[in-house]
Amino acid sequence: MQCTNGLQKPTGARPLRAGRSVCNRIYLASRISDLGLHQPSSSGRTAVMETSAGASRRGETSASSSPIFGRSASGVSDHRIVASVGSGTILTKSLIAKAANVSIEELSNPTFVAAKVAYQGVPGAYSEVAARKSCPDFEPLPCDQFEVAFQALSQWMSERAVLPIENSLGGSIHAVYDLLIRYRLHIIGETSLAINHCLVALPGTKKEELKRVMSHPQALAQCDAYLRRMSVVKEAVDDTAGAAQIVARQGLQGVGAICSRRAAELYGLDVLEEGIQDVKENVTRFIVLSRDPLVTNEAEGRKFKTSIVFSLQPGPGQLFKALSVFALRDIDLAKVESRPMRSNPIVQIPSQDGSSVTRQNFNYIFYVDFVGSLMEVRCQNALRHLQETAPFLRVLGSYPMDTELGSMSNDDPAMMQTMSTYN
């Protein structure tokens with residue numbers, strides 16, 4: 001994990017926050033402990049500074065196992081825990097510099113660390129454009145997988161993460177939905193892009209010479225009819241810009257990629273054809289994630305959306321009862337998505353005629369987006385009502401709603417000019 005001044009910190013150490021010149025107390029405490037400095041305990045003995053592991057051995061509840069914040073990954077320090085130097089040790093500038101592994105001069109002249117926004121893909125990816133659109137003051141941080149972006153945000157390597165959640169042609173991005181359950185992060189915003197796919201290849205290559213086309217599975221699905229007419233082999237890779245990067249770096253002859261015009265320019269490829277998606281109105285919606293929920297007030301004039309996930313007991317009419325809590329209060333539903341529960345995918349359904357015969361069915365969880373803020377009393381009452389019948393219920397976030405889907409294209413000239421300063 002990279003920290004400021006190009007030095008390495010152990011995995012799980014929290015780096016400097018953006019715009020702040022404070023030292024990481026967890027990391028600093030562990031370094032002071034490594035240097036042999038101790039503090040007296042309450043019993044008068046000398047003991048090293050205690051971590052959350054020590055607290056858990058005494059049976060105390062730590063933040064890492066809190067039902068509110070969720071359990072931290074094994075072996076990763078929880079950054080909400082504050083370790084401090086005891087009264088038996090005098091903290092000096094040289095001690096801090098040695099513990100932080102920096103010089104006294106670097107300690108006295110801290111540099112501003114730009115806040116980062118994580119996204120999946122390499123430079124030129126559609127997600128990078130969405131990250132710059134939704135977080136213009138943040139520095140883009142490319143990640144090779146969706147989960148890496150979640151991990152970067154969870155481990156304080158970024159302050160935000162922007163990830164695709166659904167597309168008007170390809171549907172929902174199920175991998176991201178599954179990760180929303182696994183990681184205790186909060187949706188604080190959404191944005192959208194009108195996607196304009198391009199077929200690109202090495203300079204001098206003709207469209208008729210292509211035998212294979214690679215891209216992200218969603219991009220391949222969105223251009224399926226076009227590729228079938230070309231009679232080429234489709235190859236899935238991690239992201240669209242990554243496909244362009246592979247073709248360029250490996251000098252692949254007779255191989256094309258589906259990506260943005262900007263990705264083609266970044267990696268020196270020719271654009272053979274633009275707008276190759278099967279349906280021209282191709283819009284992808286992205287969510288903005290943070291470690292903390294968005295705090296709003298009743299004076300907010302913007303329209304809000306709230307995302308939740310819940311499960312239901314088996315039986316007839318359960319989904320109807322769950323959704324009726326919103327209908328009764330005139331709350332508009334923007335999306336309903338069901339997914340088999342990964343931890344317990346099969347459920348036994350008893351027979352309705354009283355016999356001992358049972359049947360098996362998938363055990364679903366339901367993702368629902370509704371129009372409204374958690375500050376509204378009717379929304380609070382709806383969730384309380386739903387909680388009475390739902391064995392599991394979690395609010396994923398309440399955030400300003402994107403009311404102009406696809407108003408900006410991924411190759412918008414003004415955005416491209418801004419993006420050019422980062423590459």
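Read-outs throughout are calculated quantities, based only on the coordinates presented, and are distinct from any laboratory measurement. Treat the numbers as computed from the prediction; the structure is a model and nothing was measured. Cβ sites come from the backbone with ideal geometry, for glycine too, and all protein chains shown count toward neighbours.
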| message | 7 Å from Cα along Cα→Cβ at both residue 89 and residue 148: what's the point-to-point distance in nm? | response | 3.5 nm
| request: Enumerate the lysines that residue 98 could reach by cross-link, defined here as Cα to Cα under 20 Å, with residues fewer than 8 away along the same chain left out. | output: 9
| remark: Normalised Cα Rg of the range 212-302, dividing by 2.2 N^0.38 Å with N its residue count, works out at 1.44
| message | Students often get this wrong, so check it: of 116/234; 133/234; 133/305; 133/303; 211/280, which have C-alpha atoms separated by over 23 Å? | response | 116/234; 133/234; 211/280
| said: Can you compute the modelled spin-label distance between residue 381 and residue 405, with each label point 7 Å from Cα toward Cβ, in nm? | reply: 3.0 nm
| Kirkwood Rh and Cα Rg combined as Rg over Rh, evaluated for the range 107-171 | 1.06
| field | Summed residue charge, Cβ within 9 Å of residue 178's Cβ, Lys/Arg positive, Asp/Glu negative | value | +3
